[in-house]
1. Against the conditions (1) at pLDDT 85 or above; (2) surrounded by fewer than 15 Cβ atoms within 10 Å (Cβ to Cβ); (3) β-branched (Val, Ile, Thr), where does residue 47 fall short? Just the number, please.
2. Scan the range 156-199 for residues that are β-branched (Val, Ile, Thr) and closer than 16 Å to residue 117 by Cα and jot them down.
3. Could you list, in sequence order, all residues of the range 112-130 that are of a type in the set (D, E, K, R) and surrounded by 12 or more Cβ atoms within 10 Å (Cβ to Cβ)?
4. Could you check the range 130-152 and list, in sequence order, the residues that are aromatic (Phe, Trp, Tyr) and modelled with pLDDT of 95 or more?
5. Counting only residues that are in a helix (DSSP H, G or I) and among the β-branched types (Val, Ile, Thr), which one in the range 136-179 is nearest to residue 125 (Cα to Cα)?
6. Determine the pairs where a residue that is in contact (Cβ under 8 Å) with a residue 12 or more places away in the chain, located within the range 149-178, has a partner that is basic (Lys, Arg) and surrounded by fewer than 24 Cβ atoms within 10 Å (Cβ to Cβ) with Cβ atoms under 7 Å apart, the partner being 6 or more residues away or on another chain.
Amino acid sequence: MAQARPAGAGSLRAQLEAIIERLPTGSLTLGELLAEIGDEGLLVLSILLTLVFLIPVSIPGVSTVFGAAILLVGISRLSGRPLWVPRRLAARALPADRLRPALTRGMAWVRRLERVSRPHRLPALADGRGMALLNNLAFVFAALLLMAPFGFVPFSNTIPALALLLYAVGFIQRDGGAVLLGHLATIGTVVYFSVLIGGGGLAVQQLWQRVAG
């Protein structure tokens with residue numbers, strides 16, 4: 001089941017803005033970032049980690065680290081166990097000075113989703129044990145797509161990150177409409193990556209034919 005917001009917490013946007021404001025200057029490790037999240041919940045953490053990919057900015061290595069953290073969140077939800085992060089991953093240093101402005105700009109997506117998301121919309125897509133299993137598996141799959149080594153290609157991180165954001169908001173709000181859009185974004189990512197891989201393979205084949213000829 002999706003985790004609810006903590007009692008007495010403000011809006012999702014307010015929670016995320018407060019976390020971003022608390023980020024230290026200089027650099028921080030993933031473990032320190034997780035400590036800053038506190039008890040707000042794994043889905044709030046996932047939303048925060050997707051924000052940096054929703055704007056045209058490149059921070060080397062972040063997609064692997066954040067994608068792995070989101071993947072562990074998905075596994076935690078599937079297993080029903082507390083989040084566990086390997087020590088080596090938790091010790092990865094991240095450039096806080098570059099993360100803060102990227103996260104702040106990414107908040108525009110959260111503001112948009114808060115305006116259009118509707119709690120308990122299309123409940124059949126958000127409630128029930130079987131649907132929860134399917135949605136959490138899709139969440140894990142989207143995290144794997146975010147980790148794919150296509151960071152240099154435009155939108156290769158943005159589309160799966162948007163899927164993860166939609167899933168997380170849908171789980172929190174019990175909004176089946178947002179979950180459905182998350183599934184569509186995941187399918188779009190698969191199609192996009194298939195085109196990239198197929199086009200790359202065709203280019204290599206043509207290059208080989210020219211060299212061999």
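1. Just one mismatch for residue 47, condition (2).
2. Within the range 156-199, the first condition is being β-branched (Val, Ile, Thr), and the residues that meet it are 158-159, 169, 172, 179, 186-187, 189-191, 195, 197.
Passing the criteria: 169, 172, 179.
3. 114, 118, 121, 127
4. Result: 139, 141.
5. Kept after step one, since they are in a helix (DSSP H, G or I), are these residues of the range 136-179: 136-146, 158-173, 176-179.
Filter once more, keeping what is among the β-branched types (Val, Ile, Thr): 140, 158-159, 169, 172, 179.
Details: 140: 17, 158: 24, 159: 21, 169: 13, 172: 13, 179: 7 Å.
Residue satisfying both the conditions and the ranking: 179.
6. So the pair list comes out as 172/5; 175/118; 175/121; 176/121; 177/118; 177/121.
Here is a yes/no grid of residues against (1) within 19 Å of the chain's Cα centre (by Cα); (2) over 29 Å from residue 11 (Cα atoms); (3) at pLDDT below 95:
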{"position": "124", "(1), (2), (3)": "no, no, yes"}
{"position": "154", "(1), (2), (3)": "yes, yes, yes"}
{"position": "173", "(1), (2), (3)": "yes, no, yes"}
{"position": "192", "(1), (2), (3)": "yes, yes, yes"}
{"position": "206", "(1), (2), (3)": "no, yes, yes"}
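Table: residues versus (1) part of a helix (DSSP H, G or I); (2) out of contact with any Leu (no Cβ under 8 Å at 6 or more places or on another chain); (3) on the phi > 0 side of the Ramachandran plot; (4) at pLDDT below 85.
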site: 9; (1), (2), (3), (4): no, yes, no, yes
site: 14; (1), (2), (3), (4): yes, yes, no, yes
site: 25; (1), (2), (3), (4): no, yes, no, yes
site: 28; (1), (2), (3), (4): no, no, no, yes
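The values are calculated or read from the model by the stated rules, or taken from the named source; none is laboratory data. Everything quoted here is computed from the prediction, not taken from an experiment. All Cβ positions, even for glycine, are placed from backbone atoms using ideal geometry, and neighbour counts span all protein chains on display.
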